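> This is the structure I want to talk about, given as structure tokens.
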Amino acid sequence: MAEENVTVAEEKLSKRVEDTLMNIKEMNLLEISSLAKAMETEFGITAASIVQAAPMSGGAAASSAQPAAEEKSTFTVMLVSAGDKKIQVIKEIRAITSLGLKESKDLVDQAPKPVKENVSKKEAEEIKSKLEAQGATVELK
């Protein structure tokens, strides 16, 4: 029975991971969809990456999920402009990045510059809203 000995890329999985995989295998499509949405919200990951991990039946189903995997899961928060409240934006940059005063000021003065790279969509949107609340212009890339 291949289902009892679950391995990924020939690595032995922990009992906890094996149990989780077995539970997912027993789910119907609606339950898997609900799980995917909950994981997206909780962990800031895309549903496409979850769908690829879910058991697929047949080659057609697996190949149809492939293009969806190209959805963006990490973002770069770009400071385009500090706006009128440069000091408040510098303070917010310091809080977000843990940079020193000089480094934060340099980042703001040299805009457009990345504030934070490879962050989840949720974190990127939080950073964007914080900076925009201080008058900055921000883009997510």
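> Which one of 127, 82, 115 has its Cα pushed farthest toward the positive end of the charge dipole of region 70-128, where Lys and Arg give +1 and Asp and Glu give -1 at the Cβ?
The listed residue farthest towards the positive side: 82.
> Here is a further query. Once you've got the Cα coordinates, tell me which of 91/113; 85/128; 12/72; 12/121; 72/105; 25/116 are over 27 Å apart. Don't skip to the answer; put the middle values down first.
Numbers: 91/113 16 Å; 85/128 15 Å; 12/72 30 Å; 12/121 32 Å; 72/105 30 Å; 25/116 37 Å.
Cα-Cα > 27 Å for 12/72; 12/121; 72/105; 25/116; rest within.
> Which net charge results for the neighbourhood of residue 87, defined as the other residues with beta-carbon distances under 13 angstrom from its beta-carbon, given Lys and Arg at +1 and Asp and Glu at -1?
On the way: positive: 85, 86, 91, 94, 105; negative: 84, 92, 109.
Surrounding charge for residue 87 is +2.
> Roughly speaking, what is the stretch gain from residue 98 to residue 129, that is 0.36 nm per residue apart minus the C-alpha to C-alpha distance, in nm to one decimal?
On the way: separation 31, 0.36 × 31 = 11.16 nm, distance 1.78 nm.
Taking 0.36 nm per residue and subtracting the Cα distance, the gain is 9.4 nm.
Every number in this text was worked out from the coordinates using simple rules, so none of it is lab data. Quick caveat: nothing in here was measured; it's all calculated off a predicted structure. Every residue, glycine among them, receives a Cβ derived from its backbone with ideal geometry; neighbour counts consider all protein chains shown.
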